[in-house]
Amino acid sequence: GEDVEQSLFLSVREGDSSVINCTYTDSSSTYLYWYKQEPGAGLQLLTYIFSNMDMKQDQRLTVLLNKKDKHLSLRIADTQTGDSAIYFCAESINTGTASKLTFGTGTRLQVTL
Amino acid sequence: DAGVIQSPRHEVTEMGQEVTLRCKPISGHNSLFWYRQTMMRGLELLIYFNNNVPIDDSGMPEDRFSAKMPNASFSTLKIQPSEPRDSAVYFCASSFFSGYEQYFGPGTRLTVT
């Protein structure tokens with residue numbers, strides 16, 4: 001199947017690091033993405049990683065990719081209250097004639113003081 | 001660029017009425033996607049277009065739903081007749097190609113009473 005799985009909820013204290021995990025299914029995915037959705041808004045692209053990379057760092061964000069285990073993670077350093085949102089991972093699925101993104105269920109990150 | 005534009009932002013209608021949601025993708029993008037988001041089912045892909053041609057409509061719930069893309073800068077999603085279970089947030093997204101990162105509009109919150 002095309003299930004992309006994530007845990008539903010994560011709570012962290014402000015200033016701590018957050019790690020959001022995702023498992024995907026298609027070993028031929030070329031790109032994997034992380035999106036952020038704040039309340040009442042659409043999904044915002046945060047970062048992405050190409051499938052031949054193991055790690056990508058972008059300011060407070062670190063993406064780790066384990067292709068063998070089909071595992072993707074997003075680490076947010078020094079988590080702030082403004083990071084509270086739902087985070088979606090997505091993989092690019094090639095169907096032969098076209099490609100599309102398959103999104104995970106989303107992880108709700110709650111940042112407490 | 002103004003990003004993906006959706007209208008209306010909110011729509012309240014009575015059961016049985018026709019509802020038309022509108023989307024203007026980012027200029028130069030070749031792929032357009034319609035999603036529905038609910039608490040129960042999460043984010044669901046309804047249909048997507050490449051170069052104005054529908055590629056995959058397997059996510060369209062039933063014949064009451066239809067989508068068109070008459071040109072590269074406009075798409076509609078129509079529900080006729082609408083039912084209370086259609087209440088959701090409907091997102092439009094566009095991308096340069098269908099397997100690449102997608103940019104989401106702010107969504108239309110539909111309430112059918």
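A few points about this structure:
- Diffusion coefficient, µm² s⁻¹, Stokes-Einstein with Kirkwood Rh over alpha-carbon pairs of chain A at 20 °C and 1.002 mPa s: 151
- Phi-derived couplings, Karplus 6.51 cos²θ - 1.76 cosθ + 1.60 at θ = phi - 60°, listed residue by residue for region B:93-102: 9, 9, 8, 5, 10, 5, x, 9, 4, 9 Hz, with x used for Gly and Pro.
- Note on B:THR111 and A:PHE9: their simple-model spin labels are 2.6 nm apart, each label 7 Å out from Cα toward Cβ.
- Take each residue in A:30-36, count the other chain C-beta atoms within 10 Å of its C-beta, and the mean is 2.
- Of A:LYS70/B:LYS68; A:LYS36/B:LYS24; A:LYS36/A:LYS56; A:LYS67/B:LYS68, those spanning more than 26 Å from alpha-carbon to alpha-carbon: A:LYS70/B:LYS68; A:LYS67/B:LYS68
- Each peptide among B:80-92, A:60-72 gets the average number of other Cβ atoms lying within 10 Å of its residues, and from highest to lowest they stand as B:80-92, A:60-72.
- Under 20 Å from the Cα of B:LYS78 - aspartates and glutamates, other chains or at least 8 residues apart: B:GLU11, B:GLU14, B:GLU18, B:GLU44, B:ASP56, B:ASP57, B:GLU62, B:ASP63, B:ASP86
- Summarising the label geometry, the points placed 7 Å from Cα in the beta-carbon direction at B:ARG41 and B:GLN80 lie 2.1 nm from one another.
- Placing a label point 7 Å from the Cα of A:ARG60 along the Cα-to-Cβ direction, the residues of region A:70-113 whose backbone N falls under 17 Å from that point are A:74-88, A:108-113.
Computed from the coordinates by the stated procedures, all read-outs in this text should not be read as laboratory data. The shown structure was predicted, so the numbers you read here are calculated from the model rather than taken from an experiment. No Cβ is skipped: glycine too gets one built from the backbone with ideal geometry, and neighbour counts run over all protein chains shown.
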